[in-house]
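Structure record follows, encoded as structure tokens.
A short reminder: the numbers here are calculations on the coordinates, not readings from a lab. What you are looking at is a predicted structure, and each value in this text was computed from that prediction instead of being measured. A quick note on method: Cβ atoms are made from the backbone with ideal geometry, for glycine too, and the neighbour counts reach across all protein chains shown.
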Amino acid sequence: MLQQQKIIMASVGEVMINKQVILKHFINTAPKESDMVVKTSSLSLKVEPGSNAVVVKNLYLSCDPFMGSRMKKFENPDFNSFIPGSPLEGIGVAKVLDSGHLDFKKGNLVWGTVGWEEYGVVENPENLFKIHHTDVPLSYYTGILGMPGITAWAGFYKVAAPKKGEYVFVSAAAGAVGQLVGQFAKLMGCYVVGSAGSKEKVEILKNKLGFDDAFNYKEEHDLDAALKRCFPEGIDIYFDNVGGKILDAVLLNMRIKGRIVVCGMISQYYLRQPEGVRNLLNIVIKRVRIEGFVVVDYVPQYSKFLEVVLPLIREGKIVYLEDITEGLENAPAALVGLFNGRNIGKQIVLVARE
Ligand code: NAP
């Protein structure tokens, strides 16, 4: 249902019926559709006089694992919880309808933090990036040209410091970040293996994304044996998206001076008691460096990142799989799907066409 309804032409400007995805309550387990509700309200499409804000029409919304974490009650000032009764927030691609901010004007296409709603007022447009390159799909600014793209680029090139010919393992390899890490590693001349949670994803990794090998971690009873089968000479770089049992098995298979880049630990986010990792002694024996990173530290390098990735897309040297759900009313199901592996590639919600 991609039809918006205009209700009034008033002196304040157009007022639109605005569908929103509202958080009902804080969660303790993985998000469920019943933790969210889709409601309608109305919104003036004019910026209040004197305000710095920008009014946007959302086109694409990105489903990201961090959104599940923000549905929990957090006391950490660096990681704000969503507010029950208010719309979720996430990264989106939007069109500016009105602006009180000097850097934006009506008609600009932008990406950045927006509410999970059809129309919204962005009070801090400093968090929006203007889209200058429209020869690539706009949806890419939620993925390969947005937050997951910078994450994959920074984690692989900056944190892992890869060298040609190295052995690279990526978990959650068919997802938004993992599929790019694997392709960057292939471009670098590495040997790349990915793990994912279904036969279909394994086929895609090998046949569409150019991974040298892949396995379904849900069907492997012995993860250590699976890694030894794929990496008889061991692993130089592990790009960790999942943590837990896979990380523990990887530790048994690292090569001397290997690097483990900890991007995320999705297998641990909703466990009442995080799983222990037992094979840590290998860090000493194999002189392994384990380093976590957070994408926000690399956002200032966004234009440098674009200079690398845009040509790769245009020259067809890299592909990007998207899993697009249509309609804001289906956004809760799309978000929930991340936590049971329903998505193949980057999960996006198409809210409206331009
Ligand atoms: P994604 O891979 O597109 O979606 C999540 C995938 O995780 C699912 O499709 C599922 O694939 C897998 N998964 C879910 N539950 C799992 C479990 N219990 N065990 C193993 N795999 C599980 O997500 P993404 O956006 O690319 O994010 C990947 C990771 O990067 C996440 O951990 C995320 O939190 C992290 N991240 C970190 C940063 C940062 O700044 N450090 C930035 C962005 C993302 P399968 O079918 O393979 O199970």
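Could you check what % of the DSSP bridge pairs in the chain are antiparallel, to the nearest 5?
On the way: 39 of 64 bridges.
In the chain, DSSP labels about 60 percent of beta bridges as antiparallel.
Which lysines does K317 reach when only Cα atoms under 21 Å apart count, and residues fewer than 8 places away in its own chain are ignored?
Here the lysines satisfying the reach criterion relative to K317 are K158, K163, K164, K186, K201, K206, K208, K304, K346.
Give me P(r) over the chain, computed from all C-alpha to C-alpha distances, binned every 20 Å, as integer percentages.
With a bin width of 20 Å, the distribution comes to 29, 55, 15, 1.
Quick check on packing: order 301-311, 273-283, 206-216 by the mean number of other C-beta atoms within 10 Å, highest mean leading. Mind showing how you got there, number by number?
Values: 301-311: 14.5, 273-283: 11.7, 206-216: 17.9.
Averaged packing, sorted descending, gives the order 206-216, 301-311, 273-283.
Provide the descending list of Cα extents for the stretch 212-259 along its principal axes, expressed in whole angstroms.
Reported extents, whole Å, longest axis first: 30, 21, 18.
Sort the following peptides by mean Cβ neighbour count (other Cβ atoms within 10 Å, averaged over residues), highest first: 178-187, 59-68.
Working: 178-187: 25.9, 59-68: 23.0.
With the highest mean Cβ count within 10 Å placed first, the list reads 178-187, 59-68.
Quick one: Karplus J couplings for the stretch 85-102, per residue in order, coefficients 6.51, -1.76, 1.60, θ = phi - 60°, nearest Hz, x for Gly and Pro?
Here the 3J(HN,Hα) series is x, 10, x, 5, 10, x, 9, x, 10, 9, 10, 6, 9, 7, 9, x, 10, 4 Hz.
Report the extension gain between R353 and N124 in nm, rounded to one decimal, defined as 0.36 nm multiplied by the number of residues separating them, less their alpha carbon distance. If you can, show how the numbers build up before the last one.
On the way: separation 229, 0.36 × 229 = 82.44 nm, distance 2.41 nm.
Taking R353 through N124 to full extension adds about 80.0 nm, to one decimal.
To the nearest 20 debye, what charge dipole does the chain have about its Cα centre, counting +1 at the Cβ of each Lys and Arg and -1 at the Cβ of each Asp and Glu? Don't skip to the end; give the middle numbers.
Details: 40 positive and 38 negative charges, 110 e Å.
The calculation lands at about 520 debye.
Just report the Cα centroid separation between the stretch 179-226 and the stretch 112-126, whole Å.
36
Say R0 is 51 Å: what FRET efficiency, to the nearest 0.05, do S51 and N279 get from their beta-carbon distance? Could the numbers behind the result be given before it?
Details: r = 55 Å, r/R0 = 1.08.
Taking R0 as 51 Å, the efficiency between S51 and N279 is 0.40.
May I ask you to work out the translational diffusion coefficient for the stretch 87-194 at 4 °C, viscosity 1.567 mPa s, via Stokes-Einstein with Rh from the Kirkwood sum over Cα pairs, reported in whole µm²/s?
Details: Rh = 15.6 Å.
It diffuses with D of about 83 µm²/s by this estimate.
May I ask for the Rg/Rh ratio of the stretch 147-296, computed from Cα atoms with Rh as the Kirkwood radius, given to two decimals? Write down the numbers at each step before the final one.
Details: Rg = 13.9 Å, Rh = 15.0 Å.
Here Rg/Rh amounts to 0.92.
What is the Cα centroid distance between the stretch 238-269 and the stretch 298-340, reported in whole angstrom?
Each part's Cα centre sits 23 Å from the other's.
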